[in-house]
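Input: a single structure, listed below in structure tokens.
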Protein chains: 2
Amino acid sequence: MLIFTNAVNEALQQFMSSKTFSNVAVVADANTARLAVPQLDALRDAALITIGTGDKCKNLETLVHVWQGLERCGATRQSLVVNVGGGVVTDLGGMAAATFKRGVAFANVPTTLLSAVDASVGGKTGINFNGLKNEVGLFREADCVIISSRFLETLPLAELKSGYAEMVKHGMLKSHDEFARLIAADFTCLDREQLLSMIETSVRVKQEIVSQDPHEHGLRRALNLGHTAGHAIESHAMTAGNPIPHGYAVAWGLVVEMVLSHMTLNFPSSDLYALAHFVRKNYGVPDITCQDYTSLLQLMRHDKKSERGEINCTLLSSCGEIRTGQTVTGEAMQEALDIFRDLMGM
Amino acid sequence: MLIFTNAVNEALQQFMSSKTFSNVAVVADANTARLAVPQLDALRDAALITIGTGDKCKNLETLVHVWQGLERCGATRQSLVVNVGGGVVTDLGGMAAATFKRGVAFANVPTTLLSAVDASVGGKTGINFNGLKNEVGLFREADCVIISSRFLETLPLAELKSGYAEMVKHGMLKSHDEFARLIAADFTCLDREQLLSMIETSVRVKQEIVSQDPHEHGLRRALNLGHTAGHAIESHAMTAGNPIPHGYAVAWGLVVEMVLSHMTLNFPSSDLYALAHFVRKNYGVPDITCQDYTSLLQLMRHDKKSERGEINCTLLSSCGEIRTGQTVTGEAMQEALDIFRDLMGM
């Protein structure tokens, strides 16, 4: 069940009374436990399980902490887990709920734009393991996702931008019009209801793709747009000790992959230029020189979605015309990175 | 895919060549790695991940060991995990496979009677956690289960008996005839093909129930027959430092619950006496006095399947006539335990 509303408390109350849950546990991080959970009266009597903030806490130790919290509060198979937070909370809390006693019901209340448009929907749960992102986990759709824009007003601008990059990705997967609308919007000045409406349009794109291929055997790889190059840029920055927000990496990755799309599938140059301009204006440029290419290519070849060590991308012949599973040679990727740096004025 | 054959290697070979797996990893315990895996030529080139033997190893530490083993052998989403062993191996190996990179394919090759007729089929994976059995895990059906009797000939008699108790349970769920056939058979003297044929009949009962209710919302609780009392007897013995095989506890639990079935649903006394006689002859009697009732009732109230602290059982009005979700009062259970001890000549 996917609910778009800023009346989060009422929606949660309604979901909670629609079934007879034996009790309710809330998973939140140190920030959302303080700022978001107290706004939700429906959770007043729920047991609170607090985890640390940030991707560094998305690990087995924290998962064990949540399992133990569920034990402690007497959770049964008829309990409900409500995850209130960003992607770390919904991914990890979702995995904890999906595995506790072989699965109890869970609801997601995303509090960041990135989790509202991406992480909280689509059933991917998981944790990092052995230094690899989301290395263990499972597919299980939340029983209820309540998506709002009410927690986003206090979000740092960088986090808003990070989420918006995924929205641009969804727009490109949908249509030229949707893409054009998104890069024309002054998304930092939207009011609460406008933003919620745009989030809904965006999530519907993802939802339609996921419903056709929930376990990522084919079409769902479309959602990987921008992420082969993006993940490599993100990991490279992390290794260099300069971590960057996920969405920034996706924004740059989108430009790299549209260069490739233009090179191999005639993706329109006008859209490529418009995207590059939008990304440069809002996200700046990554710290990459041609000396980093070898390391970037290595990372792309070890992507979870790659097969047999080949670089694998989702590309577009135009906005809305999706080509998943495109194999890209190292030479083509290097050329694309050159053109990317050129386009971004680096 | 469920295959009944003693040509295990050929069946495995066929399954492995039916899809293009990037590589194959085998999960086995110290015994099956030495005794069963070398018999399977299809696994000659597979990476072997060995775990310790026994329920004490069915824990998070071992799960991490298997995940790391999968990393080490370069497993991808296109890999296959083959679990060769008893219930610990298939439950834990299944959970590892179902969660590694959000799920890779896995096959089960059960090597004990208990795992052949029960654990390896039905999609329950999991590990013990915080001192509780199967406390975390998930439902995921194996992609292929190859059931044979060829590994059972070297099985200790107690383990054969343990598995046979679950077969008797299946027989009782199916029909009076099936129940009568099972308790009349001299199951310790069957040849390989006779035993395989009886295993197939037994597994088909479970499979039919599971296919109607894979996630145990209703009908699947039928498979819990004998287990409310049985688990309590098993846990009680464990706590007292005298662990007993799971199937022995199930055999005694079946008698206790048929006493209850007779008391409340008029289960035929002739079948009750026949069952009690069979169980006493083959499994002896448990070490229980009326001083243990309080502790046993406590354990039954905390069963994973109980709700609101009530004792919940599956009972029969006759063989094949199943009543799930029967609430049993403490008094009725005490009376049943008294009659059980009487019937068993304790």
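The values are calculated or read from the model by the stated rules, or taken from the named source; none is laboratory data. In this text the structure is predicted, and so the values were computed from the model without any measurement. Neighbour counts are summed over all protein chains in view; Cβ atoms, including those assigned to glycine, are modelled from backbone coordinates with ideal geometry. In case anyone asks, the SASA skips ligands and DNA or RNA and just uses the protein heavy atoms, side chains included. Shrake-Rupley method; radii C 1.70, N 1.55, O 1.52, S 1.80 Å.
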Checklist entry - Is it the case that region A:262-282 has a residue that's among the aromatic types (Phe, Trp, Tyr) and in contact with a strand residue (DSSP E or B) (Cβ under 9 Å, 6 or more places away or on another chain)? => result yes
Checklist entry - Which ones in region B:122-143 are assigned to a loop (DSSP other than H, G, I, E, B) and closer than 19 Å to B:Leu299 by Cβ? => result B:Asn130, B:Gly131
Checklist outcome for this item: Filter region A:52-80 for residues that are under 14 Å from B:Glu135 (Cβ atoms) and hydroxyl-bearing (Ser, Thr, Tyr); the one that is modelled with the highest pLDDT is A:Ser79
Checklist entry - Among the residues of region B:326-346, which ones are surrounded by fewer than 20 Cβ atoms within 10 Å (Cβ to Cβ) and of a type in the set (Val, Ile, Thr)? => result B:Thr327, B:Thr329, B:Ile339
Item to check | Residues satisfying the stated conditions in region B:70-100, i.e. surrounded by fewer than 24 Cβ atoms within 10 Å (Cβ to Cβ) and within 12 Å of another protein chain (Cβ to nearest Cβ) | outcome: B:Glu71, B:Arg72, B:Gly74, B:Thr76, B:Arg77, B:Gln78, B:Ser79
Checklist entry - Could you say which residue among B:Gln207, B:Gln194 is free of Cβ contacts under 8 Å to residues at least 12 places away in the same chain, out of contact with any His (no Cβ under 9 Å at 6 or more places or on another chain), surrounded by fewer than 23 Cβ atoms within 10 Å (Cβ to Cβ) and at negative phi? => result B:Gln194
Item to check | Out of A:Gly131, A:Gly241, sole residue that is free of Cβ contacts under 8 Å to residues at least 40 places away in the same chain, open to solvent by 10 Å² or more (accessible area, probe 1.4 Å) and within 14 Å of chain B (Cβ to nearest Cβ) | outcome: A:Gly131
Item to check | Within region B:254-291, considering residues that are buried (at least 17 other Cβ atoms within 10 Å of the Cβ) and acidic (Asp, Glu), the one nearest to the chain's Cα centre (by Cα) | outcome: B:Glu257
Checklist entry - Out of (1) touching a Gly at 6+ places or on another chain (Cβ under 6 Å); (2) within 14 Å of chain B (Cβ to nearest Cβ), what's the single condition that is false for A:Leu182? => result (2)
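Residues that are open to solvent by 20 Å² or more (accessible area, probe 1.4 Å), in a helix (DSSP H, G or I) and touching a Leu at 6+ places or on another chain (Cβ under 6 Å): does region B:211-218 have at least one? Don't jump to the end; show me each part of the working.
Taking region B:211-218 and keeping what is open to solvent by 20 Å² or more (accessible area, probe 1.4 Å), we get B:211-212, B:214-215, B:217-218.
Checking which are in a helix (DSSP H, G or I) leaves us with B:211-212.
In the following step, the residues that additionally are touching a Leu at 6+ places or on another chain (Cβ under 6 Å) were identified as B:212.
Checked region B:211-218: at least one residue is open to solvent by 20 Å² or more (accessible area, probe 1.4 Å), in a helix (DSSP H, G or I) and touching a Leu at 6+ places or on another chain (Cβ under 6 Å).
Given the residues B:Ala119, B:Ala142, which is the only one that is more than 13 Å from chain A (Cβ to nearest Cβ), buried (at least 23 other Cβ atoms within 10 Å of the Cβ), without any contact (Cβ under 8 Å) to a residue 40 or more places away in the chain and out of contact with any Cys (no Cβ under 8 Å at 6 or more places or on another chain)?
Working: B:Ala142 fails: without any contact (Cβ under 8 Å) to a residue 40 or more places away in the chain.
After applying the criteria, what remains is B:Ala119.
Out of all the residues in region B:37-68, which are within 29 Å of A:Arg308 (Cα to Cα), more than 11 Å from every other protein chain (Cβ to nearest Cβ) and open to solvent by less than 40 Å² (accessible area, probe 1.4 Å)? Steps first, answer last, please.
Kept after step one, since they are within 29 Å of A:Arg308 (Cα to Cα), are these residues of region B:37-68: B:37-38, B:40-51, B:62-68.
The next check asks that each one be more than 11 Å from every other protein chain (Cβ to nearest Cβ); those that pass are B:37-38, B:40-51, B:62, B:65.
Scanning region B:37-68 gives B:Val37, B:Leu40, B:Ala42, B:Leu43, B:Ala46, B:Ala47, B:Ile49, B:Ile51, B:Thr62.
Is there a residue being at pLDDT 95 or above, out of contact with any Leu (no Cβ under 9 Å at 6 or more places or on another chain) and more than 14 Å from chain A (Cβ to nearest Cβ) anywhere in region B:298-309?
Taking region B:298-309 and keeping what is at pLDDT 95 or above, we get none.
Taking every residue of region B:298-309 in turn, none turns out to be at pLDDT 95 or above, out of contact with any Leu (no Cβ under 9 Å at 6 or more places or on another chain) and more than 14 Å from chain A (Cβ to nearest Cβ).
Being at pLDDT 95 or above and under 21 Å from A:Arg204 (Cα atoms) is true for just one of A:Ala98, A:Ala107. Which residue is that? Show your work before the answer.
Values: A:Ala98 fails: under 21 Å from A:Arg204 (Cα atoms).
Result of the check over A:Ala98, A:Ala107: A:Ala107.
Restricting attention to region A:102-116, which residues are surrounded by fewer than 24 Cβ atoms within 10 Å (Cβ to Cβ) and touching an Asp or Glu at 6+ places or on another chain (Cβ under 7 Å)?
A:Ala105, the sole residue that qualifies.
Quick check on this structure: which one of B:Ala332, B:Ala276 is among the aliphatic types (A, V, I, L, M), under 19 Å from B:His246 (Cα atoms) and touching a residue at least 40 places away in the same chain (Cβ under 8 Å)? Walk me through it before giving the result.
Numbers: B:Ala332 fails: under 19 Å from B:His246 (Cα atoms).
One residue alone meets the criteria, B:Ala276.
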Checklist entry - Right, A:His231: in contact (Cβ under 8 Å) with a residue 60 or more places away in the chain and open to solvent by 40 Å² or more (accessible area, probe 1.4 Å) or not? => result yes
Checklist entry - Checking B:Thr201 against (1) in a loop (DSSP other than H, G, I, E, B); (2) open to solvent by 10 Å² or more (accessible area, probe 1.4 Å), which single condition isn't satisfied? => result (1)
Checklist entry - So which residues in region A:145-185 are over 30 Å from A:His302 (Cα atoms), of a type in the set (Asp, Glu) and buried (at least 19 other Cβ atoms within 10 Å of the Cβ)? => result A:Glu178
